1. I'd like the residue in the range 172-197 that is among the polar types (S, T, N, Q) and outside any strand (DSSP E or B) and, out of all such residues, is farthest from Asp154 (Cα to Cα).
2. Please state which of the following conditions Ala164 fails to meet, knowing it meets all the rest: (1) modelled with pLDDT of 70 or more; (2) on the phi < 0 side of the Ramachandran plot; (3) of a type in the set (A, V, I, L, M).
3. Out of the range 148-171, which residues are within 14 Å of Gly134 (Cα to Cα) and of a type outside the set (A, V, I, L, M)?
4. Condition (residue is polar (S, T, N, Q) and under 22 Å from the mean Cα position of the chain (by Cα)) applied to the range 52-63: is it met by at least one residue?
5. Pick out the one residue from Thr109, Thr90, Thr62, Thr75 that is open to solvent by 20 Å² or more (accessible area, probe 1.4 Å), at pLDDT 95 or above, hydroxyl-bearing (Ser, Thr, Tyr) and within 21 Å of Pro158 (Cβ to Cβ).
6. Among the residues that make up the range 43-65, is at least one of them closer than 14 Å to Arg112 by Cα, assigned to a strand (DSSP E or B) and aliphatic (A, V, I, L, M)?
7. Can you tell me which of Thr157, Thr186, Thr166 is open to solvent by less than 40 Å² (accessible area, probe 1.4 Å), among the hydroxyl-bearing types (Ser, Thr, Tyr), under 20 Å from Thr110 (Cβ atoms) and in contact with a Ser or Thr (Cβ under 7 Å, 6 or more places away or on another chain)?
8. Name the residue, out of Thr44, Thr26, that is modelled with pLDDT of 95 or more, open to solvent by 30 Å² or more (accessible area, probe 1.4 Å) and not aliphatic (A, V, I, L, M).
Amino acid sequence: MTALTAGTNVTINTANASGAGSGNITVDTAITWTKAPVGAPASTLTLRAVQDVIVKEAITATWGNVVAVAGRDVTLYAPVTTTDGSFSATALRDVNIVKDGTHPLTAVTTTRGNFTTNAGRDVNVKTAALTMTGGNVVLSAGMDGVSGGTVVFDPLTPRYAVTAGTVKIYNPIGTTTDYTGNFTLTEGTTITQYFYVFGQGLPGATGATGATGGTGATGATGTVGATGATGARRSQIQVQQ
């Protein structure tokens, strides 16, 4: 945390072609830092995993950003708190924010920063408390264009409290969910829902002509033909004059 406290950005990346690990990043020890001296720009901790980013212990940052990027899922089982900094999670599959009997403290609290999710499939909020003050909330799901994923709030999830900010929710076209009942909006906060339309891509360029094939192998020698039948005997007639 020394580098983050000093204002230096830190990236942890599991992309290693020669590595033998699973490609996951698991936060199993609490992370806390305050950038000194305080003030913009905030220092940023980036967790970039080939497979999953799993947060099992609290992350707390003051004048700090937390960025999680996963080739599969980003899952929070513990609190993430940023003050004068932002939190973002991007996953090719799902972003999961899970509070349950095993993980009772899960929450995301952002003050004077932004909270952003980008999921190829679903954004799942399961009973975790979310709080935003003085920033923007952007929840985007179904971004892979084929899964039809959506932003999903579990029925037991408390309302997301957003003060003096904005809320934007992006889903694939055809989603009919009304999210206004999932939020408590104060001090002029507004909520807007958007829909993706994925158009068919343009045809690719014609490929180059392939190289001329090599000369074929010489054919095998044919078999000897059958012996012909014996010809008919010719008669000679002598005519006397």
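The values are calculated or read from the model by the stated rules, or taken from the named source; none is laboratory data. Only a predicted model underlies this, so the values are computations on that prediction, with no experimental measurement involved. With ideal geometry, Cβ positions are generated from the backbone for all residues, glycine too; neighbour counts draw on all protein chains shown. Surface areas here come from the heavy atoms of the whole protein model, side chains and all, with no ligands, DNA or RNA. Shrake-Rupley method; radii C 1.70, N 1.55, O 1.52, S 1.80 Å.
1. Our first condition is that a residue be among the polar types (S, T, N, Q); within the range 172-197, this holds for 175-177, 180, 182, 184, 186, 189-190, 192-193.
Subset that is outside any strand (DSSP E or B): 175-177, 180, 182, 189.
On the way: Thr175: 16, Thr176: 16, Thr177: 13, Thr180: 14, Asn182: 10, Thr189: 23 Å.
Looking at the filtered set, the residue picked out is Thr189.
2. (2)
3. Taking the range 148-171 as the starting set, the residues that turn out to be within 14 Å of Gly134 (Cα to Cα) are 160-167.
Tyr160, Thr163, Gly165, Thr166, listed by residue number.
4. Initially, the range 52-63 is screened for residues polar (S, T, N, Q), giving 60, 62.
When the remaining residues are screened for being under 22 Å from the mean Cα position of the chain (by Cα), the result is none.
Scanning the range 52-63, I find no residue that is polar (S, T, N, Q) and under 22 Å from the mean Cα position of the chain (by Cα), so the answer is no.
5. Working: Thr90 fails: within 21 Å of Pro158 (Cβ to Cβ); Thr62 fails: within 21 Å of Pro158 (Cβ to Cβ); Thr75 fails: open to solvent by 20 Å² or more (accessible area, probe 1.4 Å).
None of the other options fit; the residue is Thr109.
6. yes
7. Details: Thr186 fails: open to solvent by less than 40 Å² (accessible area, probe 1.4 Å); Thr166 fails: open to solvent by less than 40 Å² (accessible area, probe 1.4 Å).
Residue meeting the stated conditions: Thr157.
8. On the way: Thr44 fails: open to solvent by 30 Å² or more (accessible area, probe 1.4 Å).
That would be Thr26, the only listed residue that is modelled with pLDDT of 95 or more, open to solvent by 30 Å² or more (accessible area, probe 1.4 Å) and not aliphatic (A, V, I, L, M).
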